[in-house]
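The structure under discussion appears below in the form of structure tokens.
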Amino acid sequence: QVQVVESGGGLVQPGGSLRLSCAASGSILTISTTAWYRQVSGKPRELVAFITRGRFTDYADFVKGRFIISRGNVRNTVYLQMNNLKPDDTAVYYCNVTLGRQNYWGQGTQVTVSS
């Protein structure tokens, strides 16, 4: 069994920053990829960024230059540093962990960007 838990969401003003955390625990040998997605109610979930086991990273165009995905010092932890946040970044952010052929999702954390 694998558990994925996100944290760090909240309310922030436009131009502000937040750091989301994703922690995976349980029966884990090797995580191949960790990704952040986001979803606005009524719209499809969209990929924000991902990091591979080899620390290759990639980002959606709408966050390039503003968000940074990285691995933490704690095993199986990944961060999403979000800078210069915009109202359009408001969404529930989900962490997805890939182990072999299995994908695991967290419960999501709400990010609201508003003045």
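The values are calculated or read from the model by the stated rules, or taken from the named source; none is laboratory data. In this text the structure is predicted, and so the values were computed from the model without any measurement. For neighbour counting, all protein chains shown are included, and Cβ atoms are generated from backbone atoms with ideal geometry for every residue, glycine included. Heavy atoms of the whole protein, side chains included, go into the accessibility calculation; ligands, DNA and RNA do not. Shrake-Rupley method; radii C 1.70, N 1.55, O 1.52, S 1.80 Å.
Side notes on the structure shown:
- Scan of the range 41-56 for residues that are outside any strand (DSSP E or B) and surrounded by 13 or more Cβ atoms within 10 Å (Cβ to Cβ), ordered by number: Arg45
- Of residues in the range 8-24 being open to solvent by less than 60 Å² (accessible area, probe 1.4 Å) and assigned to a strand (DSSP E or B), the one farthest from Val113 (Cα to Cα): Ala24
- Subset of the range 87-101 (residues that are within 19 Å of Phe62 (Cβ to Cβ), without any contact (Cβ under 8 Å) to a residue 60 or more places away in the chain and open to solvent by 60 Å² or more (accessible area, probe 1.4 Å)): Asp88
- Being under 14 Å from Gly106 (Cα atoms), surrounded by 14 or more Cβ atoms within 10 Å (Cβ to Cβ) and at pLDDT 95 or above holds for only one residue in Tyr37, Tyr59, and it is Tyr37.
- Look at (1) part of a strand (DSSP E or B); (2) open to solvent by less than 70 Å² (accessible area, probe 1.4 Å) and you find that Gln110 fails only one, number (2).
- Search result, residues across the range 63-86 that are open to solvent by 80 Å² or more (accessible area, probe 1.4 Å) and not polar (S, T, N, Q): Lys64, Gly65, Ile68, Val74, Arg75, Lys86
- Verdict on Tyr104 being of a type in the set (Ser, Thr, Tyr), open to solvent by 40 Å² or more (accessible area, probe 1.4 Å) and either in a strand (DSSP E or B) or without any contact (Cβ under 8 Å) to a residue 60 or more places away in the chain (or both): yes
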